[in-house]
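The values are calculated or read from the model by the stated rules, or taken from the named source; none is laboratory data. Note that the coordinates shown come from a computational prediction; the quantities given were computed from them, not determined experimentally. Quick reminder, even Gly has a Cβ in these numbers, built from the backbone with ideal geometry, and neighbours come from all protein chains shown.
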Amino acid sequence: MVGLIYAGTFPDQVSALVVLDGVTVLPNAKRMTAHERIAKWVDQLDKLEDREPRCYRTIDEAAAQMRAYNTRLPPELAQHLATFGVKRNDDNTYSWKFDPYQRAMAPHRLSPEDHVSLWSRITCPTLLLHAEESFLKSSETAELASYFQKARAKTISGAGHWVHHDKPDEVLGSIRTFFGLTDNGR
């Protein structure tokens, strides 16, 4: 989303753009009123404040939890992500490093119309990779290329939102093709 906003704001500074299952706003989505957005945000913050981080006894246990959540994730990748994605707590358990507050949807988000306006300003070649099994409704997001000047969309089958984890070879192949690269990177 940040790349799309940046490329639409400063189109002369972006020569190519690849978006991995990241178009999270649909053009005709209903926008809540300001007071509804603020109330929802405050409610989310209140719930997050009381949230206890999930703790794991070992890094292996954290990796197993990742695989339980995403069954497509290969064991070696789950182990790698867990190794670098957890921090050791004072009680020698492990918790994820991410900031849970980033999940709260800020009330001052851009409107769907704002996003469409920014997309229409993107002048560089753009590849929109969608995951077929994502929560982002790939059947609808696959049609979004028409809102861009030079975009093409591709749906990756058998992948969820973490498309680069679920189908790394296919994602990399699509990106290489988009940039006109061969398998040796040239």
Please enumerate the residues belonging to the range 46-72 that are surrounded by 12 or more Cβ atoms within 10 Å (Cβ to Cβ), at pLDDT 90 or above and of a type in the set (A, V, I, L, M, F, W, C).
C55, I59, A62, A63, A64, M66
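Table: residues versus (1) assigned to a helix (DSSP H, G or I); (2) of a type outside the set (D, E, K, R); (3) surrounded by 13 or more Cβ atoms within 10 Å (Cβ to Cβ).
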position	(1), (2), (3)
G8	yes, yes, yes
V18	no, yes, yes
P27	no, yes, yes
K30	no, no, no
E36	yes, no, no
Q44	yes, yes, yes
Please indicate, with yes or no, whether at least one residue in the range 106-120 is within 15 Å of the chain's Cα centre (by Cα), modelled with pLDDT under 95 and either under 25 Å from C55 (Cβ atoms) or hydroxyl-bearing (S, T, Y) (or both).
no
Sort out which residues of the range 74-97 are outside any helix (DSSP H, G or I) and under 16 Å from Y56 (Cβ atoms), and write them in order of number.
V86, K87, R88, N89, D90, D91, N92, T93, Y94, S95, W96, K97
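Applying the selection to the range 98-123, what residues are assigned to a loop (DSSP other than H, G, I, E, B) and more than 29 Å from D12 (Cα to Cα)?
Looking only at the range 98-123, we keep the residues that are assigned to a loop (DSSP other than H, G, I, E, B), and these are 98-99, 104-111, 122-123.
Within the range 98-123, F98, D99, A104, M105, P107 meet the criteria.
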How many residues, within the range 144-177, are among the aliphatic types (A, V, I, L, M) and closer than 27 Å to A63 by Cβ?
6
What number of residues in the range 131-147 are under 19 Å from the mean Cα position of the chain (by Cα) and either among the hydrophobic types (A, V, I, L, M, F, W, C) or at pLDDT 90 or above (or both)?
6
Is it true that some residue in the range 81-101 is surrounded by 13 or more Cβ atoms within 10 Å (Cβ to Cβ), touching a residue at least 60 places away in the same chain (Cβ under 8 Å) and under 24 Å from V171 (Cβ atoms)?
yes
What are the pairs with Cβ atoms under 6 angstrom where one residue, in the range 36-64, is among the small types (G, A, S) and the other, located anywhere, is not in a helix (DSSP H, G or I)? Sequence gap at least six, or different chains.
A62/Y56; A62/V86; A62/Y94
